[in-house]
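Participant: The following block contains the structure, expressed as structure tokens.
All of the numbers you see were taken from the coordinates with simple rules; none came from a lab. Remember, it's a predicted structure, so these values are computed and weren't measured experimentally. Here the Cβ is made from the backbone with ideal geometry for all residues, glycine too, and neighbour counts use every protein chain on show.
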Amino acid sequence: MAGTRLVLDFDVTPGNRPRPKSAAPSLWALLERLGREHWPRLVRGDKDWGSEGNMASCEGAGLDYLFKLRLTQGARRLAERLMGRDEWEDAGQGWSGCEAELRLQGWSRTRRVVVLRRRLPGTVALTRSDDGQGDLFWADAQPGAGVWVFEVLATSLVLEVLSIAQLYRDRADAENGFDELKNQWGWGGFTTRDLKRCQHMARLIALIYNWWSLFVRLADPDHHREAITSRPLLLHGVARRTQHAGQTRLTVTSSHGRRRVVVAALRRISGFFRSLMRSAEQLSAEDRWRRILAEALKKYLRGREPGRQPWLPPPRPTLAS
């Protein structure tokens, strides 16, 4: 789901509560509603999620996980111990990795971890946070030899180091969706002590964001176009409606500098909806949505229609039924 940049659910909690601790129950409630056959293959999270509770929950449910760990004293000792070994493998993009087993204080079991290191260019000031959980830097003994920075990942996946490292790097693409929602859709532009109002407003924004993302995907199924570029591109135009011989025609005149791109996008979208309208009367609302999703998410579904979702409410009865 990370690559689609779609919002599955949203939950508002008080700002003075730890985020992962408050969000974890909502995550498991969502998975329960989806049903086991629709679960993701992997749950990824940053160091706020790399806790005993989250890992134990995934292990108990049989769901693979990949979490970054805080660089506590135990994780630091492991990284420093591995630094002198020769088993470091290429982890891509300038990183090298070494796998090991680790059981930190408070953990219920020993878990597989992958320690990643990358040599930093130039001169770097070595810093350390007061709580001992900041970045870990390692300076080589030889003068001018360089400085290394470390990350420690805990996972239940049985994959090589390169795949583990790339899977975690891919997680950053999901965070781009949060940035877009906050800065381009106003997700962070409202505050109130009424959590219910915040919840409704945030879910309305997420719903409109999803609708717009799918609409733009109908024009370009291979890429996610952020609102900062797609809204000016597709919304800056003048529309004129005309009726003749029982037909209604909508003519859009774009004032954007990339008019040719706009024309191609709108023609693609219009062509799809014309083909959908030919069979719309024979399709239920869910079937129409499945065809729209199949077209918008063609990159992921590859022409297949998504299966019927058991968690959706039953369709409303019609006169024909």
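Participant: Write down the Kirkwood hydrodynamic radius of the chain, to one decimal in angstroms, obtained as one divided by the mean of 1/r over all alpha carbon pairs.
Facilitator: 23.6 Å
Participant: Something else about it: Roughly how far apart, in whole Å, are the Cα centres of the range 1-79 and the range 245-264?
Facilitator: 44 Å
Participant: Gain in length, residue 270 to residue 163, computed as 0.36 nm per residue apart minus the alpha-carbon separation, to one decimal in nm?
Facilitator: Once the chain is fully extended between residue 270 and residue 163, it gains 34.5 nm.
Participant: Right, another one. Near residue 112, within a Cβ-to-Cβ distance under 13 Å, what is the net charge of the other residues, with Lys and Arg +1 and Asp and Glu -1? The partial results should precede the final answer.
Facilitator: Values: positive: 103, 109, 111; negative: 59, 64, 99, 101, 160.
The answer is -2.
Participant: For the range 108-116, just list the computed ³J(HN,Hα) in residue order, Karplus coefficients 6.51, -1.76 and 1.60, θ = phi - 60°, integers in Hz, with x standing in for Gly and Pro.
Facilitator: With the stated coefficients, the range 108-116 comes to 8, 7, 7, 10, 6, 10, 10, 9, 10 Hz.
Participant: Let me ask something else about it. Mind checking the full-extension length gain between residue 101 and residue 278? Use 0.36 nm per residue of separation minus the Cα-Cα distance, one decimal, nm.
Facilitator: Full extension of this stretch gives 57.8 nm more.
Participant: Which FRET efficiency value, to the nearest 0.05, do you get for residue 87 and residue 288 by plugging their Cβ-Cβ distance into 1/(1 + (r/R0)^6) with R0 = 56 Å? Don't skip to the answer; put the middle values down first.
Facilitator: Details: r = 55 Å, r/R0 = 0.98.
Given R0 = 56 Å and the Cβ-Cβ separation, E is 0.55.
Participant: Would you mind ranking 182, 47 so that the residue whose beta carbon has the fewest other beta carbons within 10 Å leads the list?
Facilitator: 182, 47
Participant: Taking the Cα-to-Cβ direction at residue 244 and at residue 112 and moving 7 Å from each Cα, how far apart do the two end points lie in nm?
Facilitator: Here the answer is 6.7 nm between the modelled labels.
Participant: If I model the range 195-301 as equal point scatterers sitting on the Cα atoms and use the Debye formula, what is log10 I(q)/I(0) at q = 0.12, 0.16, 0.22 Å⁻¹?
Facilitator: Results for the range 195-301 at q = 0.12, 0.16, 0.22 Å⁻¹ read -0.53, -0.90, -1.27.
Participant: Same structure, new question: Quick one: in the range 38-125, what % of C-alpha pairs are over 14 Å apart?
Facilitator: 70 percent
Participant: Can you compute the modelled spin-label distance between residue 200 and residue 120, with each label point 7 Å from Cα toward Cβ, in nm?
Facilitator: 4.9 nm
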